[in-house]
Amino acid sequence: MSAAAAHATRVLVVEDDPHLAAGVMENLRAEGYEVSTAGDGEQALAWLAGHNCALIVLDVMLPGIDGFGVCRTLRGQGNNTPVLFLTARGDPADRVRGLESGGDDYLAKPFHLQEFLLRVRAILRRWDWYHSASAAAAVLRFGGNEVDFRAFRARAWSGEPQELTEKEAMILKVLAEHAGEIVSREDLLERVWGYDVFPSTRTVDNFILRLRKRFEKDPANPRHFLTVWGVGYRFLTEGEP
Amino acid sequence: MRATRVFQLTALALVAVSAVQVGWWILDQHAYTLEKVRAARTAYAEQTRAAQALLDAGTPAQRVQQLLPGIVVSGGRAALSTEREQALTTEERRRDNQYAWEGGFFLLALAVCIAVIAGALRAEAHVLEEQDSFLALVSHQFKTPLASLQLSLETLALRSPTPEAARTLIDRMLADVARMELMVTQILESARLERGRVAFKAEPLELSGAVARVVAQLEERARQEHISISSDIGPGLYVASDPLALDLVVRNVLENALAAVASAGGGSIALTTRALDGEVELSVRDSGVGFRPADSARLFEKFTRLPGRGTGHYGTGLGLFIVRRLMEVARGRVSAHSEGVGRGANFVLTWPAAAPEPRT
C-alpha cells in the first residue's frame, strides 16, 4: 500500500481492554493507518453513525452488546465496512458464527502481530480491488437482472429489488470478471475471504445457491451460475443456450 | 466420574423397570381377583340352577338346602344366600384394597428412588456445565492479558522503539503479568470458596481496626489517582468473622471503589459504620462511574463486566464474587446501590454483631 493511500485509510479499533487497544492502535499507526478507538459496542455504533472507516477491528467479548451483535447491527443498517474479529474464543463453531454475522476475517487471541497486520492488509487489499473493479464496471446486466456493485443493490429479472451482502457482491464481481471461464472454489475463497478463514469450500457453494435464488428464473436449472463438477463454477452473462 | 454415572443410570433404569413391574403386578392381581370372583359366581349360579331343578323335581326345600348350603329357598324359588353374595363382594374388595395398598406403597418407594437418582444426575450435570462455563470464562480472562503481553513483546521485537516507548511497553507488560498473577490468586481463592474448603474461624473482631489497616495500605494509591478516602468509623463495633476473610472483603470492596473512582478521573470514597439490631453495617460510598440499578445483582457474579465502566479498569471479574461468597460464609451479606452510570455507588457490608471477647 502506498504512503498516500495509507494516509487516507482509517481503522476503528473496538476493544475494551485498554492495553490491547493501545497496542493495536500504536501498531496500526506505525503502519501508516489513522486509528480511532471505542471501548464497547455502543460507543462503536455511535462513532460509526457519524464517521466512515475502511476497516473495523472488533473484539467479540465486549461488555454490553458483543462484537457479533455490533456486526449484525451494522449489516442490518446497510453498513458494509469490512470487519476483522478479534476473540479469545477460537473454536471453529465460533469462527463460523463470526463470519455468518457478516465478518470478513477472524483472529483468535493471543495473536501474532505480523499475522494481524497481514490480515488487515489482505482485507483492505480485497476491498481496494472490489472498489476499483466496481468503479470500472459499476453495473452488471445478465438475463434481465441488473446489479449495481457500488450500491450493493440489484433488480432481479422479476423486477424484485435485491439487497446484496458484501460477500455476494464480491463473488458476483469475481465471476463477472471471469465470465465464461471456470473459477475454482479455492480461487473464490482466496479472492473474497482470503486464505484459511473458512473451514470448508462448502461455504462458497452456499453463497452460489443464494445467488441462484436471487437471479435465476429456475434456481434448480441454472443458466447463468453453472456448476463445473469437481472444479468450481462458470458464470455466463448470456445464459446457457 | 464416568463409572458413577453408568451406575446411576443403571440404577435408574432398574428402578424404573421395577416400577413398571409393580404396576403390572397390581393390574394382574386385580384381573386375577375378578376372574376368581367371576368363577365363584358361575359356580353359585350352577348350584342355584341345580337347586331349582331339584325343587322342580319335588325334592323338599330342607333337603335341597342341606345338599347345597349356599342356597336359600323361599316360596319354591332357589337363590344364593345373601351372606354368600356379601362374602363374595367383601372378598373382592378386600383383595383389591390389599393390592392397591401394597402396590401403592412399593410404587411410592420406587418413585422416591427415581426422584432421588434423577435429582443427583441433574445436579451432577449442572455442576459439570458450571465447571465448563467457568473454564471457558477463565481461559478467556487469561487470553486477554496474554494477547496484550504478546503484542507488547512482538512490538518491541519488530519496531525497535525509542527508550520512552520501550519503557511504556515494559510497564504495560509488567502490569499484564501482575494482572495475571492476581487472577491466579483470585481464581484459586474463589474455587476454594465454591467447594466450601475454607478454614473459616469466626471470632469477634473490631471493625474500625480492620478497616483502618486496609485503608492505610491503599492510601498511597488513592493519592496518586486523586482520590480522597474519608472514614468515620466508631470504635467498639465488633463483628463475627474470620480475620483474613474480613481483611479480604474490605480490601476487595475498597479496591473496586478505587477503580470506579479512578475511571471517573478522581473523586472521593467515604466509609461509615452503624450498629443495627444485632448487626453491624459498613457502607463504602464512592463518587465513581456507578452502574445501572438493574445491574446491581450481576456485579457479584463471576466475570461480570458492565458497559460504561470506561477503559483503564483492570478488574479480574472475581473480586466482588469473592466478597459475596465470603460474606455468605460469615453469615452476613453485601449489596450494591447506584442511581445510574456516572452517579457513584454505595456498597453495604453487613455482619452479625459479636460481643467483644477477651482473647486468651
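The values are calculated or read from the model by the stated rules, or taken from the named source; none is laboratory data. Please read all numbers here as calculations on a predicted model, not as lab measurements. Cβ atoms come from the backbone with ideal geometry, glycine included; neighbour counts cover every protein chain shown.
Considering only residues in region B:329-360 that are within 20 Å of B:Leu276 (Cβ to Cβ) and in a loop (DSSP other than H, G, I, E, B), the one that is modelled with the lowest pLDDT turns out to be B:Pro356. Considering only region B:224-239, I want to know if a residue exists there that is away from chain A (no Cβ under 14 Å), under 23 Å from B:Thr316 (Cβ atoms) and free of Cβ contacts under 8 Å to residues at least 40 places away in the same chain. Within region B:224-239 (the criterion being away from chain A (no Cβ under 14 Å), under 23 Å from B:Thr316 (Cβ atoms) and free of Cβ contacts under 8 Å to residues at least 40 places away in the same chain), the answer is yes, since at least one residue qualifies.
Checking B:Thr168, B:Thr162 one by one, the residue that is at the interface with chain A (Cβ under 9 Å from one of its Cβ atoms) and at pLDDT 90 or above is B:Thr168 and no other. Restricting the first member to region A:119-132 and to residues that are more than 22 Å from A:Ala108 (Cβ to Cβ), and the second to residues that are in a helix (DSSP H, G or I), the beta-carbon pairs closer than 6 Å and six or more apart or on different chains are A:Tyr130/A:Met170.
Regarding A:Glu42, is this residue within 14 Å of chain B (Cβ to nearest Cβ), surrounded by 16 or more Cβ atoms within 10 Å (Cβ to Cβ), touching a Gly at 6+ places or on another chain (Cβ under 8 Å) and farther than 24 Å from A:Lys167 by Cβ? Criteria met by A:Glu42. Hey, can you tell me all the residues within region B:98-154 that are surrounded by 14 or more Cβ atoms within 10 Å (Cβ to Cβ), closer than 30 Å to B:Asp176 by Cβ and more than 14 Å from chain A (Cβ to nearest Cβ)? Of everything in region B:98-154, just one residue is surrounded by 14 or more Cβ atoms within 10 Å (Cβ to Cβ), closer than 30 Å to B:Asp176 by Cβ and more than 14 Å from chain A (Cβ to nearest Cβ), namely B:Phe134. Among residues of region B:70-93 that are within 15 Å of B:Ala45 (Cα to Cα) and in contact (Cβ under 8 Å) with a residue 40 or more places away in the chain, those with a Cβ under 9 angstrom from a residue that is of a type in the set (Val, Ile, Thr) and in a helix (DSSP H, G or I), sequence gap 6+ or separate chain, pair up as B:Leu88/B:Val37. When A:Leu86, A:Leu55 are checked against the criterion of being touching a residue at least 60 places away in the same chain (Cβ under 8 Å), away from every other protein chain (no Cβ under 14 Å), hydrophobic (A, V, I, L, M, F, W, C) and under 15 Å from A:Glu15 (Cβ atoms), A:Leu55 stands alone in meeting it. When region A:91-120 is filtered for residues that are surrounded by 16 or more Cβ atoms within 10 Å (Cβ to Cβ) and under 28 Å from B:Leu156 (Cα atoms), the ones remaining, listed by number, are A:Asp105, A:Tyr106, A:Leu107, A:Ala108, A:Lys109, A:Pro110, A:Phe111, A:Leu113, A:Phe116, A:Leu117, A:Arg119, A:Val120.
Please find, within region B:286-301, the residue that is modelled with the lowest pLDDT out of those that are away from chain A (no Cβ under 14 Å) and surrounded by fewer than 21 Cβ atoms within 10 Å (Cβ to Cβ). In this case the residue turns out to be B:Ala297. Of the conditions (1) aliphatic (A, V, I, L, M); (2) modelled with pLDDT of 85 or more; (3) farther than 30 Å from B:Arg2 by Cβ, B:Leu110 fails just one. Which one is it? In the conditions (1) aliphatic (A, V, I, L, M); (2) modelled with pLDDT of 85 or more; (3) farther than 30 Å from B:Arg2 by Cβ, B:Leu110 misses (3) alone.
Per-residue answers, yes or no, for (1) modelled with pLDDT of 85 or more; (2) in contact with a Leu (Cβ under 7 Å, 6 or more places away or on another chain); (3) surrounded by 14 or more Cβ atoms within 10 Å (Cβ to Cβ):
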position	(1), (2), (3)
A:Arg89	no, no, yes
A:His131	yes, no, no
A:Ala135	no, no, no
A:Glu160	yes, no, no
A:Thr165	no, no, yes
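Condition check: among the aliphatic types (A, V, I, L, M) and surrounded by 17 or more Cβ atoms within 10 Å (Cβ to Cβ). Does B:Ile227 satisfy that? It is true that B:Ile227 is among the aliphatic types (A, V, I, L, M) and surrounded by 17 or more Cβ atoms within 10 Å (Cβ to Cβ).
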